[in-house]
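Report on the following structure.
Here, each number is a calculation from the coordinates, and none is a lab measurement. Because the structure is a prediction, the values reported are computed rather than measured. Note: ideal-geometry Cβ built from the backbone for every residue, glycine included; neighbour counts use all protein chains shown.
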Amino acid sequence: MDDGVDFIQRLEQEMCMKILGYLEDPSDLVRVCAVSSSWRQFVISNGLCKEVCIRMFPETSNFNHIVEIRNMFEPMETERDDSAEWACLEKEHRAFASLSRCLTSSTRKNCILDAICASSTDNYPEESIKNTLEPSDRVNQRASYWSSKGQIDPTVSETLIYELAATLCLITEVQVHPFQAYFHFGFPIYSSKAVRFHVGHPKVPLEFENDDRDLFLRVQDFSDDKFVWTHSSPEFPMAQENQLQTFKLPEPVFAVGGILKVELLGRVQTQELDGQYYICINNVQVVGIPLSPAFDVEKVDEHQKCTLKYYPESVDLLLPPKSLEPQSSTSPSRFHRFSTSLRSWEQMVLDTFRAAGPLIVDDDDSDYDYID
């Protein structure tokens, strides 16, 4: 600053926290760390990147331990002293800064990796849940869809369970396409009345050999007590229409554990052949951000607390190439906006000091270097 005043050093911690609390983008906090050593120390020691990340994505508060892994090897634990404590704070700062960057900059995609099982299947494998991974209703000249078993009671529900592309995903919406039986009289659409979604993790790790997965898919009247469901969406009405229907979640949801359950509530369409109610689904997609290979989770406890594993060398694999990032010659750059806001803080702090009366500043006591 013009008067050589570094407000991080001059103001009380509470006031500094309030000023920096106006930053809503973790990238700006990274830039703050580049201003001076005192600013960097303040940001890291007070865990401001973690605070902003939790404010943006509250479920990240469940990460109660950070493990940073470089060159695919986990670092050895050191004794707890001042240097080790600072190293731990720096590690947490890097992890949450990178996590926030990936969550706000990565391209959203379909997060489903594979199908695990369905609560029932009418004709296996011709009408397997595996068919819902294909967007088309025809594959190799054959109909592609999953079908439940028939029920006389239209209130009977069904569930479809999927493995997500990573054990940590940020999900924003789920898309479900009911199947229209073009080979039945009247071309009926076998949708459900409503749909609800659950995310969670298996009670024990699911490690399938090919034969084991096929056997799992064959199971009828499946009970999902093998999983712990940590989040449930509201109930969404489903239209009896032959299209991919989008169900946007009220808030982005962290799927910690990599499992999704689609709950199909109620039935609307009978089959003319036997008069029973069926649900048939052509395709299911989950739109979000899979955070592998840069992040992973483990040791999920009964309170949903878990360890976040951070692979810094893989972060750039999640981000779009810089050449694809939108740029505009007429709009101000992010650094310019940050610099402008920084100047407004400078003026505010200077006005505060000037209103309080003359201030004698020892220039040797300040390590502030403003970056213009």
What's the ranking of 289-302, 257-270 by average number of surrounding C-beta atoms within 10 Å, highest first?
257-270, 289-302
Length gained, GLN243-ARG55, 0.36 nm per residue minus C-alpha separation, equals 64.1 nm
Per principal axis, descending, Cα span of the stretch 239-303 in whole Å:
51, 26, 22
Note, the stretch 125-131: 3J(HN,Hα) by Karplus (6.51, -1.76, 1.60, θ = phi - 60°), whole Hz, Gly/Pro = x, goes x, 4, 10, 6, 4, 3, 5
Inter-label distance for ILE19 and PHE183, nm, one decimal - labels placed 7 Å from Cα along Cα-to-Cβ
7.2
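Calculated FRET efficiency, VAL139 and GLU251, Cβ-Cβ r, R0 25 Å, to nearest 0.05?
Working: r = 35 Å, r/R0 = 1.41.
Using R0 = 25 Å, I get an efficiency of 0.10.
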Can you tell me how much longer the chain between GLU313 and HIS231 gets when fully stretched, taken as 0.36 nm per residue apart minus their C-alpha distance, in nm with one decimal?
26.5 nm
Say each of ARG70 and LYS299 gets a label point 7 Å from the Cα, pointing the same way as Cα to Cβ; how far apart are those two points in nm?
2.1
Please identify the GluC sites (Glu not before Pro) of the stretch 1-57 that satisfy two criteria: DSSP loop assignment and at most 16 other Cβ atoms within 10 Å. Which are they?
GLU12, GLU24
Label point at ASP153 placed 7 Å out along Cα→Cβ; residues across the stretch 268-282 whose backbone nitrogen lies under 15 Å:
277-278
Cα-based convex hull volume of the stretch 76-185 per residue, rounded to whole Å³:
192
Simple spin-label estimate for ALA34 and GLN276 in nanometres, 7 Å along Cα-Cβ:
6.5
